[in-house]
1. Can you find, within the range 10-35, the residue that is least open to solvent (accessible area, probe 1.4 Å) among those that are in a loop (DSSP other than H, G, I, E, B) and farther than 14 Å from Phe275 by Cα?
2. Quick check on the range 136-164: of everything there that is crowded, with 24+ Cβ neighbours inside 10 Å and more than 18 Å from Val178 (Cα to Cα), which residue is nearest to the ligand (Cβ to nearest atom)?
3. Just the residues that are of a type in the set (A, V, I, L, M, F, W, C) and over 22 Å from Gly137 (Cα atoms), please, taken from the range 258-291.
4. When you check Met213 against the structure, is it in contact with a Leu (Cβ under 9 Å, 6 or more places away or on another chain), among the aliphatic types (A, V, I, L, M) and either modelled with pLDDT of 95 or more or surrounded by 14 or more Cβ atoms within 10 Å (Cβ to Cβ) (or both), yes or no?
5. Which ones in the range 109-162 are in contact (Cβ under 8 Å) with a residue 40 or more places away in the chain and of a type in the set (Asp, Glu)?
6. Can you tell which of Glu291, Glu279, Glu193 is more than 11 Å from the ligand (Cβ to nearest atom), surrounded by fewer than 16 Cβ atoms within 10 Å (Cβ to Cβ) and at pLDDT below 95?
7. Can you go through Thr243, Thr248 and tell me which one is over 25 Å from Lys10 (Cβ atoms), within 16 Å of the ligand (Cβ to nearest atom), crowded, with 24+ Cβ neighbours inside 10 Å and modelled with pLDDT of 95 or more?
8. Considering only residues that are part of a loop (DSSP other than H, G, I, E, B), of a type in the set (Gly, Ala, Ser) and more than 15 Å from the chain's Cα centre (by Cα), which ones fall in the range 48-95?
Amino acid sequence: MEERITGHTKLYALIGSPVGHSGSPAMQNYSFAKLGIDAAYLAFDVPLEKTKEALDAFRTLHVGGFNVTMPCKTAVAQLVDRLSPAAEMVGACNTVVVEEDGTMTGHITDGVGFIRNLREHGVEVKDQRIVLLGTGGAATAIAVQAALDGASEIAIFNLRDEFYENGEKTVEKIRKAVPSIRSITMNDLDDKEKLCEMIAKSDILINGTKAGMSPLDNIMPVSEECLHPELAVADVVYNPRETLLVRTAKEKGCRAAIGGIGMLLWQGAAAFELFTGKEMPAQEVMEKFFE
Ligand code: NAD
């Protein structure tokens, strides 16, 4: 530590509450040390009502950048000076870069991280037909990034719960911002027949819901009869590491069956790149912290 921290060391941070469980400090500090970057990363427990004070303090202290977790993601998007196109559409940000003059630019790396993880498994989204389950934070970021990256059709399905309306808004925003998309629709996850029909015509199925996450780990968000060999299946859930959906996709011979841990890695790697302009040693980080 005494060899790493100097009078010039740049501070990076995570804010939100709780933050104690986060793997970000370990990932980011390991990568700073590995690449010889004079920087350190700390987690700060910041409740929603203190978000503005935290940002003001970061400007004063010339913090280089910070990540944001719940419950501060939407508030931070409203407080920064600029937003990336994806963060603007999602209405939330998880990564903020702070310029020397204090100007803050908000980004959302969840969608980028998810799509990078698909690519690492040989799955591209350009010109592909996607069924996306979910309209919460993770799923919205994925819908926006998939549309920006050229997916041809996205059919979003969600339960008619408190998240459904957010899905309708996301569909409208994507239609306006990405007029080249052939089709983007919002659908009821309880309409099992339509869901299965859409999956039959699709190239990629994404679970962006909590279904499959402990303690919902015995829940399959789609019936296994809907899965087919031409389909790539990807989950955002990484607890358990292999969800029931991913396991079933493997058993059914789907062309890819991808868990959520890679999304966690690559969203952090995207933040690291925004902070430093350098690539995170992702393979090493994966082996050291996630395997
Ligand atoms: P959220 O609370 O914003 O959204 C929850 C979503 O799950 C909504 O669409 C809701 O309708 C749906 N849902 C809840 N219970 C359901 C059920 N029984 N059946 C079907 N749908 C159900 O949550 P979020 O932040 O978007 O997180 C969703 C999942 O994504 C969590 O498991 C989280 O751990 C995971 N996640 C993973 C990463 C990663 O890096 N891999 C990043 C963010 C979130």
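The values are calculated or read from the model by the stated rules, or taken from the named source; none is laboratory data. These figures come from a predicted structure and were not determined experimentally. Please note: Cβ atoms are built from the backbone with ideal geometry, for glycine as well, and neighbour counts cover all protein chains shown. The protein model used for the area step is the full one, side chains on, heavy atoms only, and it has no ligands, DNA or RNA in it. Shrake-Rupley method; radii C 1.70, N 1.55, O 1.52, S 1.80 Å.
1. Step one: list which residues in the range 10-35 are in a loop (DSSP other than H, G, I, E, B), which gives 17-23, 35.
Of the ones still in play, those that are also farther than 14 Å from Phe275 by Cα are 17-23.
Details: Ser17: 46, Pro18: 85, Val19: 11, Gly20: 81, His21: 140, Ser22: 33, Gly23: 40 Å².
Ranking the candidates gives Val19 first.
2. Looking at residues that are crowded, with 24+ Cβ neighbours inside 10 Å and more than 18 Å from Val178 (Cα to Cα), I get Asn158.
3. Phe275, Met280, Ala282, Val285, Met286, Phe289, Phe290 - these are the residues of the range 258-291 that are of a type in the set (A, V, I, L, M, F, W, C) and over 22 Å from Gly137 (Cα atoms).
4. In short, no.
5. Once the filter is applied, which keeps residues that are in contact (Cβ under 8 Å) with a residue 40 or more places away in the chain and of a type in the set (Asp, Glu), the range 109-162 yields Asp110, Glu120, Glu153.
6. Working: Glu279 fails: at pLDDT below 95; Glu193 fails: at pLDDT below 95.
The conditions single out Glu291.
7. Values: Thr248 fails: crowded, with 24+ Cβ neighbours inside 10 Å.
Every option except Thr243 fails the conditions.
8. Taking the range 48-95 first, the residues part of a loop (DSSP other than H, G, I, E, B) are 61-64, 69-72, 80-81, 84, 91-94.
Next cut, of a type in the set (Gly, Ala, Ser) only: 64, 84, 91-92.
Within the range 48-95, just Gly64 meets the criteria.
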